[in-house]
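S.K.: Please read through the structure below; I'll follow up with questions.
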Amino acid sequence: MKVTIVGAGNVGATCADVISYRGIASEVVLLDIKEGFAEGKAMDISQCATTTGFNTKLVGSTNDYSKTAGSDVVVITSGIPRKPGMTREELIGINAGIVKGVAENVLQHSPNAIIVVVSNPMDTMTYLTLKATGLPKNRIIGMGGALDSSRFKYYLSKALNKPSNDVDGMVIGGHGDTTMIPLTRLASYCGVPVSTFLSQEEMDKVAADTMVGGATLTGLLGTSAWYAPGASVAYLVDSILNDQKKMIPCSVLLEGEYGQTDICMGVPCIIGKNGLEQIVDIKLNDAEKALFAKSADAVRAMNGDLKSVLA
């Protein structure tokens with residue numbers, strides 16, 4: 001099984017590292033436009049093989065898409081961060097052009113690949129990739145909900161003072177500070193609702209902390225996080241390559257589900273060898289439905305900036 005990761009920055013390299021030492025794929029290709037960068041990252045990770053015990057083959061390449069041929073999954077992390085003075089429209093325009101070009105190039109060499117989109121703004125880039133490639137919806141998956149949910153479970157475990165692996169929780173909606181929806185009502189500790197252990201005020205704080213989880217790390221690190229994002233991508237790739245049928249919140253095309261159409265947003269999905277295999281219909285209450293609709297409005301407004309790219 002072969003995985004290509006386009007963009008060898010912190011997130012892409014961490015994803016390659018996790019995939020390698022967990023033995024998720026037999027080959028990982030790192031691709032980047034910066035001369036020698038992907039080659040160096042691949043070499044550095046490869047030199048961990050004898051100490052961490054993996055046999056994954058790593059290949060680095062500077063923009064040579066022929067090295068990606070035959071990939072089962074392609075992860076797109078390419079794009080630039082928003083710079084001072086740059087408008088949202090300018091950022092979307094630049095990243096949309098990058099992501100569209102990457103998708104077209106990888107599909108020339110791996111026409112059957114499932115594409116996992118990580119580039120931001122993630123929901124909009126997922127929608128762009130779907131529209132630009134014309135691929136069926138099961139083959140285009142945005143990663144954001146997996147990361148947001150991992151942060152949600154982290155904050156739940158802290159509030160509960162219980163192990164993270166005993167906590168279950170899910171974040172749906174858009175992948176953004178103001179658009180994500182941590183479902184505190186459905187969160188649980190060893191199958192017991194967290195409301196048994198936490199007050200409403202405590203649950204509200206967990207939700208609020210989750211929503212600014214990325215911004216909190218950026219403030220501390222001075223840059224975007226990479227360990228949890230990279231591991232979240234690897235977790236999603238693992239479910240695809242090994243047909244694990246895990247339920248993971250992902251940004252996928254909605255065609256009437258959750259009351260929305262022609263938009264990619266985070267919803268609970270069954271992820272297996274065919275990519276998206278099922279959208280799970282969680283019965284939201286009226287307040288959650290209203291939040292989801294509001295989130296969809298914000299994502300749809302951002303999608304409007306794609307008109308020139310998709311024209």
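S.K.: Within the set of pairs 6+ apart or on separate chains, which have a first residue in region 232-257 that is in contact (Cβ under 8 Å) with a residue 40 or more places away in the chain, a second that is among the charged types (D, E, K, R) and part of a strand (DSSP E or B), and C-beta atoms under 9 Å apart?
M.R.: Listed pairs, sorted by first residue: 235/246; 236/246; 238/246; 253/262; 255/262.
S.K.: Only one of these is part of a loop (DSSP other than H, G, I, E, B) and under 18 Å from residue 264 (Cβ atoms): 135, 128. Name it. Please lay out each step first, then the result.
M.R.: On the way: 128 fails: part of a loop (DSSP other than H, G, I, E, B).
Result of the check over 135, 128: 135.
S.K.: Here's a follow-up. For region 215-231, which positions are in contact (Cβ under 8 Å) with a residue 60 or more places away in the chain, assigned to a helix (DSSP H, G or I) and either more than 18 Å from residue 171 (Cα to Cα) or small (Gly, Ala, Ser) (or both)?
M.R.: Correct list: 227, 228, 230, 231.
S.K.: Of the residues 247, 265, which single one is under 17 Å from the mean Cα position of the chain (by Cα), open to solvent by 50 Å² or more (accessible area, probe 1.4 Å) and among the aliphatic types (A, V, I, L, M)?
M.R.: 247
S.K.: Here is a further query. Could you tell me whether any residue of region 1-11 is under 17 Å from residue 77 (Cβ atoms) and open to solvent by 50 Å² or more (accessible area, probe 1.4 Å)?
M.R.: So far as region 1-11 goes, yes, one or more of its residues are under 17 Å from residue 77 (Cβ atoms) and open to solvent by 50 Å² or more (accessible area, probe 1.4 Å).
S.K.: Which count do you get for residues in region 28-47 that are surrounded by 18 or more Cβ atoms within 10 Å (Cβ to Cβ) and outside any helix (DSSP H, G or I)?
M.R.: Qualifying residue count, region 28-47: 5.
S.K.: Turning to a different aspect of this structure: Residue under question is residue 282, and the condition is that it be open to solvent by less than 40 Å² (accessible area, probe 1.4 Å), among the hydrophobic types (A, V, I, L, M, F, W, C), part of a loop (DSSP other than H, G, I, E, B) and touching a residue at least 12 places away in the same chain (Cβ under 8 Å); does it hold?
M.R.: yes
S.K.: In region 59-78, what count of residues is obtained for those that are outside any helix (DSSP H, G or I) and open to solvent by 40 Å² or more (accessible area, probe 1.4 Å)?
M.R.: Looking only at that region, the number is 5.
The values are calculated or read from the model by the stated rules, or taken from the named source; none is laboratory data. Values in this document were obtained by computation on a predicted structure and should not be read as measured data. As a convention, Cβ positions derive from the backbone with ideal geometry for all residues, glycine included, and neighbour counts pool all protein chains shown. SASA here: full protein model, heavy atoms, side chains in, ligands and nucleic acids out. Shrake-Rupley method; radii C 1.70, N 1.55, O 1.52, S 1.80 Å.
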